[in-house]
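The next block holds one structure in the form of structure tokens; read it before the comments.
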Amino acid sequence: MPIIQMRDVSKKYKNGTTALRNVSVSVEPGEFIYVVGPSGSGKSTFLKLIYREEKANRGEIVVAGENLMKLKNKKVPFLRRKMGTIFQDYKLLPNKTAYENIAYAMQVIGKKPYEIKKRVQEVLDLVGLRHKAKMFPNQLSGGEQQRIAIARAIVNTPKILIADEPTGNLDPENTWEIMKILERINQQGTTVIMGTHNSSIVNTIRHRVLTIENGRIVHDEMEGVYTYD
Ligand code: ADP
Ligand code: ADP
């Protein structure tokens, strides 16, 4: 069964901008998918519909067994538990340490302190930053902040990781470091959906590529390359 299914989905923002038109796509569990296309083509909107930051106007969206067109707003937190999100600007809480940023994601869903301690150390190891646990975000480099954001996103073992331009603010060295971590997470079974403008990533670490132009999916290729006309 697909973990994400969209059928004839359209999204029009309140100001009249149509961001997605008749989008249909099906994603199997464990896939790694790049979402590419020109600026303003609808990539972020596509991702936002999946984690229900925005609602579609038309069509059908099913994510991890939840029909998003019927999902009540108060159920959205339960949907979000099935996915992690990371962004170009990291979005760490500035007044919490790296450790606390990650632990907080477990506290809010009621995990027990001993579970939290064990699991946070585990994900800090996964991103190679156990030694920076006590640092605040402004004491970390961009690459380190993104690694903490990834640790936070996966601490509750989500089925899906949504990444919107995760390497957009990073130099090539940090970019590849982040990609290595995302690969590892994907190999452990997490479905990864990543919006990106980085053609060298897409053409080097080959995965399925969805190309969006003007709100439509114009290419959908397994082991695809970075192209738009
Ligand atoms: P991308 O991520 O490919 O740059 P977006 O999904 O952010 O594209 O945007 C697609 C289109 O929708 C653009 O025309 C953009 O200006 C518009 N858009 C995005 N967010 C909003 C919003 N909240 N309100 C109105 N228009 C928006
Ligand atoms: P990005 O995709 O670069 O991370 P956003 O998704 O916030 O950034 O915005 C993408 C595009 O959508 C930009 O061109 C931005 O100006 C436009 N946009 C975002 N929010 C709105 C909004 N509320 N109204 C109109 N346009 C918006």
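Evaluate region 47-62: report whether one residue or more is away from ligand 1 (no atom under 15 Å from the Cβ) and not in a strand (DSSP E or B).
No.
Can you spot a residue in region 135-155 that is among the charged types (D, E, K, R) and either under 12 Å from TYR34 (Cα atoms) or in the same structural domain as GLY65 (by the TED database) (or both)?
no
Tell me which strands (runs of 3 or more DSSP E) are completely within region 1-43 and hold 2 or more residues being hydroxyl-bearing (Ser, Thr, Tyr), or say none if there are none.
Answer list for region 1-43: 18-27.
What number of residues within region 124-135 satisfy the criterion of being in a loop (DSSP other than H, G, I, E, B) and within 22 Å of the chain's Cα centre (by Cα)?
Counting residues in region 124-135 that are in a loop (DSSP other than H, G, I, E, B) and within 22 Å of the chain's Cα centre (by Cα) gives 3.
Consider region 68-123. How many of its residues are touching a strand residue (DSSP E or B) at 6+ places or on another chain (Cβ under 7 Å) and outside any helix (DSSP H, G or I)?
Final tally of qualifying residues: 9.
Free of Cβ contacts under 8 Å to residues at least 12 places away in the same chain and surrounded by fewer than 13 Cβ atoms within 10 Å (Cβ to Cβ) - does that describe any residue in region 17-36?
Yes - at least one qualifying residue is present in region 17-36.
If you scan region 44-75, which residues turn out to be farther than 17 Å from TYR13 by Cα and either of a type in the set (Gly, Ala, Ser) or within 16 Å of ligand 2 (Cβ to nearest atom) (or both)?
ALA64, GLY65
Which one of these is away from ligand 2 (no atom under 12 Å from the Cβ) and closer than 23 Å to ILE217 by Cβ: MET83, MET106?
Exactly one of MET83, MET106 is away from ligand 2 (no atom under 12 Å from the Cβ) and closer than 23 Å to ILE217 by Cβ, namely MET83.
Do you know which of the residues in region 142-190 that are within 16 Å of ligand 2 (Cβ to nearest atom) and over 20 Å from GLU31 (Cβ atoms) is surrounded by the most Cβ atoms within 10 Å (Cβ to Cβ)?
Here the residue is GLN146.
The values are calculated or read from the model by the stated rules, or taken from the named source; none is laboratory data. Keep in mind the model is a prediction, meaning the values are calculated, not measured. Cβ: placed from backbone, ideal geometry, glycine included. Neighbour counts: every protein chain shown.
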